[in-house]
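Q: Structure incoming, see below.
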Amino acid sequence: MTVRLGPTRTYQADPDVSLADSATASSVCPFADETVDETALGARLYPELPEDPRTGRYLAGYAGRNPDAALVPDSSSGGLTSYLLRSLLERGDVDGIIHVGETGAAGGSGEPIFAYVVSNDVDQLMARRKSQYYPVSMNEVLREVRGDGRHYAFVGIPCVVTAVRHLMAQDPVLQEQLRFVVGIVCGHLKSIAYAESFAWQLGIAPDALEKVDFRVKDPERTSREYGFAAVDATGHREERKTLSLVGGSWGHAVFQLGACDFCDDIFAESADVVFGDAWLSKYEIDWRGTNVVLTRDRYLDSILTEARTSGAIELDDLTMDKVAETQGGNFRHRRDGLAVRLADDRAAGRWTPRKRVQPDTEHLPADRVDLIRDRREITRESHVAFESARRAGDLGVYLDRMRPLIERYQSRTSMPFRTRLRNKLRRETYRVLSKLRTARSNRKASS
Ligand SMILES: Cc1cc2nc3c(=O)[nH]c(=O)nc-3n(C[C@H](O)[C@H](O)[C@H](O)COP(=O)(O)OP(=O)(O)OC[C@H]3O[C@@H](n4cnc5c(N)ncnc54)[C@H](O)[C@@H]3O)c2cc1C
């Protein structure tokens, strides 16, 4: 089965394949009914671990970061993903890391600017940090490494992790080579248009776009208020706070891929360890970023806890309630929202995959159901409107179509005044506490 870039600026399975090929693809596809679900995968991989319906099987939960000031700006969150991957390379546990990095494609070439790549040493690994909200295919990289006699850690978002586990179960060569599978928490994946639409809003048209940074940190802001930066073919760089861009709120789900509407795996339930953002007031106010971490493999867990003991990383213990709480919006979309989308599609006679969530529209207040449907409309419309804008060479075509849809969605989501006040007070309290803590440790260091 091959994949190619389709009109909505993402990879699509090539329909021009034999039935045998498509049966093979279905046997590893995370959204096909032919494969077992994430609960069954977790039970097979980690039978001795307890299970939580929100997170899957778990050994331990943490929040933390790599405090190395020189490394902070170039990781998305707390930098623990790169810390762990680096440790695996340095200890000789693996020969390479299969993850996502820049392709070096020139602006205007039409080629994707990110892809799955292999990092063979620490320098390559560390040059390929940060989250890439960009479609990628593991097709080529797995063909390239398969049977080369080397061992790897594989990094992926939950659906990719599931597909890799299915593949490993069928392929003893990859099963032996992929020593560790590292998960990245995912809200949903974006098409290429996500990067292009932001860059265009900064004055860099899609054909001139050379590089992007989806997670620019700013010491003057909270970690949630990160920026987006784009660089054109002449090296000119523009940057703006992501939330100020049209489609900049993750909740609007612009350019979300279709499959993400049917995903119910938030914590990459078949990964040996998973990293995300610790979206809790206590951590959110720290501009450096903080990871939420869930471990399922004892060796990987020991690398992190030993690093805590030696002072190399900061790590707080988290209960599974707290781990799940870091992904509140994600659960609303992936569990509550999924039930509505399944019910809607079945009522309309459309095929839906078998999921662990049951179709339902009665489990939520009517305005919440409307919100879920609005969100789906924003997603659908964003792909179409951006394609029209590209054809017309006019970003306004996209912005004029999206603004009213996003405004309607926003008007429905407005939090009650009391909730906003409570959240603000909580953030301010943590901000003051954090400043006091920093001042105290600075005093200690200078005395
Ligand atoms: C599409 C997407 C959606 C996400 N949604 C959420 C969310 O809803 N909630 C949440 O808490 N966290 C989410 N994350 C995870 C979060 O953005 C951080 O990636 C994670 O916290 C790790 O941060 P870090 O500082 O430890 O990683 P870093 O030290 O910056 O290292 C990141 C590592 O991940 C690899 N990587 C980057 N992008 C990809 C990719 N697309 N596929 C595979 N590997 C990749 C890099 O190559 C690098 O090795 C998402 C990430 C992605 C890619």
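The values are calculated or read from the model by the stated rules, or taken from the named source; none is laboratory data. In this text, all values refer to a predicted model and were calculated from it rather than measured experimentally. All Cβ positions, glycine included, derive from the backbone under ideal geometry; neighbour counts span all protein chains shown.
Q: Could you check, for the stretch 32-55, whether at least one of its residues is among the aromatic types (F, W, Y) and within 21 Å of the chain's Cα centre (by Cα)?
A: No, the conditions are met nowhere in the stretch 32-55.
Q: Would you pick out the residues in the stretch 115-141 that are assigned to a helix (DSSP H, G or I) and touching a helix residue (DSSP H, G or I) at 6+ places or on another chain (Cβ under 7 Å)?
A: V122, L125, M126
Q: Would you tally the residues in the stretch 146-162 being within 15 Å of the ligand (Cβ to nearest atom) and out of contact with any Lys or Arg (no Cβ under 7 Å at 6 or more places or on another chain)?
A: The total comes to 9.
Q: Here is a list: V293, V384, V369. Which entry is more than 16 Å from the ligand (Cβ to nearest atom) and buried (at least 18 other Cβ atoms within 10 Å of the Cβ)?
A: V369
Q: Quick check: anything in the stretch 314-335 touching a residue at least 40 places away in the same chain (Cβ under 8 Å) and touching a Pro at 6+ places or on another chain (Cβ under 6 Å)?
A: Taking every residue of the stretch 314-335 in turn, at least one turns out to be touching a residue at least 40 places away in the same chain (Cβ under 8 Å) and touching a Pro at 6+ places or on another chain (Cβ under 6 Å).
Q: Within the stretch 95-114, work out how many residues are within 15 Å of the ligand (Cβ to nearest atom) and either in contact (Cβ under 8 Å) with a residue 24 or more places away in the chain or in contact with a helix residue (DSSP H, G or I) (Cβ under 9 Å, 6 or more places away or on another chain) (or both).
A: 10
Q: Does I313 qualify as being within 14 Å of the ligand (Cβ to nearest atom), in contact with a Lys or Arg (Cβ under 8 Å, 6 or more places away or on another chain) and either among the aliphatic types (A, V, I, L, M) or outside the structural domain of R65 (by TED's automatic domain parsing) (or both)?
A: When the stated conditions are applied, I313 passes them.
Q: Still on this structure: Look at the stretch 298-354 and say how many of its residues are surrounded by fewer than 15 Cβ atoms within 10 Å (Cβ to Cβ) and either aromatic (F, W, Y) or in contact with a Cys (Cβ under 9 Å, 6 or more places away or on another chain) (or both).
A: So the answer is 2.
Q: Could you tell me which residue of the stretch 248-268 is nearest to the ligand (Cβ to nearest atom), considering only residues that are closer than 16 Å to T326 by Cβ and of a type outside the set (A, V, I, L, M)?
A: Per the stated criteria, the residue is W250.
Q: Quick one: which helices (runs of 4 or more DSSP H) sit completely within the stretch 149-201 and have at least 1 residues that are over 23 Å from S119 (Cα atoms) and in contact (Cβ under 8 Å) with a residue 40 or more places away in the chain?
A: Once the helices (runs of 4 or more DSSP H) in the stretch 149-201 are filtered for at least 1 residues that are over 23 Å from S119 (Cα atoms) and in contact (Cβ under 8 Å) with a residue 40 or more places away in the chain, what remains is 158-170, 192-201.
Q: Now a separate question. Failed condition for R332, given (1) under 23 Å from D360 (Cβ atoms); (2) modelled with pLDDT of 95 or more, with all others met?
A: (2)
Q: Within the stretch 160-177, take every residue that is surrounded by fewer than 22 Cβ atoms within 10 Å (Cβ to Cβ) and hydrophobic (A, V, I, L, M, F, W, C) and give me the one that is farthest from F275 (Cα to Cα).
A: Only one residue tops the list, namely V173.
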